[in-house]
Amino acid sequence: MLDVYNQTADHPISYAVGYDISCKNHYYLIMDLLEIADQKMYQDKRYKKEQMAKKPQEFCRNRLAESISTESLKEKLFTILNNSNGEKKYAFLMTDVSNFHLINDYWGYETGTNILNFILKKMELFPQTLFVNRYHSDIFVAVIDITGAEHTAVKKRIIESNKQTTKEVLAAYPVNYLSLNTGIYYLENMKIPGEEIISHSNIVRIKAKDKLCGVCEYTREIALAEQKRADTIHSFKEALGKKEFQIYFQPKISGRKQKIASAEILVRWQRANGDLWFPDSFLPILEETGEIEALDYYVYETAFQWLADRREKGLKLLPLSLNVSPVHFRKIHTFTEKVSHLIQKYEIPSQYLIFEITESTYIHNIEAVNHMIRFFHEKNIRISMDDFGSGYSSLNTLKDILFDEVKIDKKFLSDKLTENGKIVLQEIFHLLKRTNKFIVCEGVETKEMVDFLVAEGCDELQGYYYYKPMEMAKFEQLIG
């Protein structure tokens with residue numbers, strides 16, 4: 001309790017302790033025990049007085065500033081907003097130090113503590129500051145009065161202040177690098193709960209790490225994105241149970257015959273309110289939470305059911321390409337067991353299945369991916385490397401990959417094909433053909449692209465020039 005008090009006290013308080021023990025092997029009468037304990041207490045008192053006399057200011061300076069609890073912070077925010085009467089405008093700031101743990105690890109905790117205390121003092125000097133506290137670890141919170149100021153001006157002042165603080169820290173301490181990140185939440189709604197203010201500010205503090213200036217404001221766009229994120233996380237399981245996820249088919253065209261040869265299975269989220277969500281809006285969130293596993297198995301089973309139903313009706317079957325999310329490589333055996341079970345359950349012939357694994361997933365999980373490929377090869381199922389050339393591929397990759405098919409990333413076909421672009425694609429095709437890889441190109445959008453790719457021996461083409469992804473019923477009408 002005294003340590004906490006002394007962090008902000010003008011006159012620190014010290015305490016002294018003395019004790020001894022009376023036991024069977026070292027017995028004292030009670031008066032002797034009290035006297036010895038009293039002597040030790042005075043020895044401790046003298047020592048601490050001497051230490052304080054030697055370093056009167058370091059007693060406070062070398063101790064990390066007290067952190068404020070979330071409950072206390074919420075109380076402060078409520079008091080400020082409750083007393084503003086709408087006449088004042090405030091901004092809540094949350095600031096941290098990038099990779100602060102590296103400072104502690106390399107320069108020691110004393111240096112780290114001194115730097116944090118220095119930053120706190122600098123933040124207290126920021127104009128129109130109502131209060132500043134260390135929140136936890138290397139995170140600080142503050143409320144500033146911005147009455148009459150434009151948001152752009154407020155942001156500019158914070159950026160300049162962070163730069164100046166960083167400059168002074170680098171000059172005063174042995175560290176070679178320091179970066180501050182600040183999230184800004186404008187307190188325009190005086191009735192917003194404190195926990196929401198803290199949560200929103202924390203979101204933009206994290207986003208600030210990706211900003212060149214190190215500062216990020218909470219905007220309506222960010223608010224909508226976070227609402228959608230929360231909606232995705234909390235409604236996914238119920239939506240999966242209600243089968244709100246629909247599989248879509250995007251045909252792939254034979255380069256030689258110019259007819260539909262296969263299709264890639266994609267997914268859309270048909271919300272109960274009528275909204276249709278595209279993969280980019282929910283797949284990254286599900287990948288982050290791990291729920292993508294359940295969605296993948298749902299998509300596989302739906303696709304397998306479609307093949308099984310058509311086989312029973314004697315209708316035309318086409319090979320289907322199915323995407324494998326990176327999260328499955330953490331649980332290879334679980335994945336292979338579930339896929340095996342589904343294949344056996346629906347009695348799917350192996351020639352109608354192609355599993356797609358992205359190039360980046362392969363590069364970061366080579367051993368696990370190769371293990372999965374061998375599993376599929378044992379079942380005579382083809383494996384495709386998706387997004388080939390998206391930024392990771394190299395000649396060394398081509399040399400060792402076990403994939404049966406390579407799907408050229410659509411970036412190669414973006415805009416107009418230049419002569420240099422054609423040369424690069426020709427050489428890639430040449431290498432892939434010599435290593436017996438089946439070649440698929442996605443993102444095909446013009447007749448010029450089609451003519452070039454067909455002439456170069458592309459096995460299958462996929463893109464808006466031919467077809468966009470379509471619902472099951474429409475795809476069935478298309479293939480008959």
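The values are calculated or read from the model by the stated rules, or taken from the named source; none is laboratory data. These numbers come from a predicted model, not from an experiment. Every residue, glycine as well, gets a Cβ built from its backbone with ideal geometry; the counts of neighbours run over all protein chains shown.
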Whichever residue in region 167-202 is touching a Gly at 6+ places or on another chain (Cβ under 9 Å) and among the hydroxyl-bearing types (Ser, Thr, Tyr) and, among such residues, is surrounded by the most Cβ atoms within 10 Å (Cβ to Cβ): Thr182
Residue among Val440, Val444, Val406 that alone is assigned to a loop (DSSP other than H, G, I, E, B), aliphatic (A, V, I, L, M), in contact with a Leu (Cβ under 9 Å, 6 or more places away or on another chain) and within 25 Å of Ile357 (Cβ to Cβ): Val444
Total residues in region 69-101, condition part of a strand (DSSP E or B) and farther than 24 Å from Gly148 by Cβ: 2
Candidate set: region 1-41, residues that are acidic (Asp, Glu) and modelled with pLDDT of 80 or more; chosen: the one farthest from Asn117 (Cα to Cα): Asp32
Residue check for Glu301: charged (D, E, K, R), surrounded by fewer than 20 Cβ atoms within 10 Å (Cβ to Cβ) and under 24 Å from the mean Cα position of the chain (by Cα): no
Close pairs (9 angstrom Cβ cut-off, 6 or more residues apart or separate chains): in the same structural domain as Ala16 (by TED's automatic domain parsing) in region 26-42, modelled with pLDDT under 90 and exposed (fewer than 12 other Cβ atoms within 10 Å of the Cβ) anywhere: Tyr28/Ile21; Leu33/Ile21; Ile36/Tyr19; Ala37/Tyr19; Lys40/Val17; Lys40/Tyr19; Met41/Val17; Met41/Tyr19
Filter result for the condition that a residue is assigned by TED's automatic domain parsing to the domain that holds Leu432 and over 30 Å from Lys259 (Cα atoms), over Lys313, Lys407, Lys379, Lys331: Lys331
Complete set of residues in region 402-454 that are among the aromatic types (Phe, Trp, Tyr) and either modelled with pLDDT under 90 or under 20 Å from Ser384 (Cα atoms) (or both): Phe403, Phe412, Phe429, Phe438
Filtered residues of region 212-247 (kept if in a loop (DSSP other than H, G, I, E, B) and exposed (fewer than 14 other Cβ atoms within 10 Å of the Cβ)): Leu212, Thr219, Lys242, Lys243
Yes/no for Phe429 being over 28 Å from Ile247 (Cα atoms), of a type outside the set (A, V, I, L, M) and surrounded by 19 or more Cβ atoms within 10 Å (Cβ to Cβ): yes
Failed item, numbered, when Ile354 is tested on (1) surrounded by 15 or more Cβ atoms within 10 Å (Cβ to Cβ); (2) part of a helix (DSSP H, G or I): (2)
Boolean, Cys458 is buried (at least 17 other Cβ atoms within 10 Å of the Cβ), touching a Phe, Trp or Tyr at 6+ places or on another chain (Cβ under 9 Å) and assigned to a loop (DSSP other than H, G, I, E, B): yes
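Every residue, every condition in (1) under 25 Å from Glu71 (Cα atoms); (2) of a type in the set (Val, Ile, Thr); (3) in a helix (DSSP H, G or I), yes or no:
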position: Ile103; (1), (2), (3): no, yes, yes
position: Ile119; (1), (2), (3): yes, yes, yes
position: Val132; (1), (2), (3): yes, yes, no
position: Ala142; (1), (2), (3): yes, no, no
position: Lys155; (1), (2), (3): no, no, yes
position: Ile158; (1), (2), (3): no, yes, yes
position: Ser161; (1), (2), (3): no, no, yes
position: Glu168; (1), (2), (3): no, no, yes
Of all residues making up region 235-272, the number that are without any contact (Cβ under 8 Å) to a residue 60 or more places away in the chain and in contact with a helix residue (DSSP H, G or I) (Cβ under 7 Å, 6 or more places away or on another chain): 6
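Conditions tested, residue by residue: (1) touching a strand residue (DSSP E or B) at 6+ places or on another chain (Cβ under 6 Å); (2) acidic (Asp, Glu); (3) in the same structural domain as Pro279 (by TED's automatic domain parsing); (4) more than 30 Å from Phe282 (Cα to Cα).
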{"site": "Ile115", "(1), (2), (3), (4)": "no, no, no, yes"}
{"site": "Ile119", "(1), (2), (3), (4)": "no, no, no, yes"}
{"site": "Thr129", "(1), (2), (3), (4)": "yes, no, no, yes"}
{"site": "Ala142", "(1), (2), (3), (4)": "yes, no, no, yes"}
{"site": "Thr165", "(1), (2), (3), (4)": "no, no, no, yes"}
{"site": "Ile192", "(1), (2), (3), (4)": "no, no, no, no"}
{"site": "Ala208", "(1), (2), (3), (4)": "yes, no, no, no"}
{"site": "Arg229", "(1), (2), (3), (4)": "no, no, no, no"}
Of the criteria (1) in a loop (DSSP other than H, G, I, E, B); (2) touching a residue at least 24 places away in the same chain (Cβ under 8 Å); (3) aromatic (Phe, Trp, Tyr), which one Phe429 fails: (1)
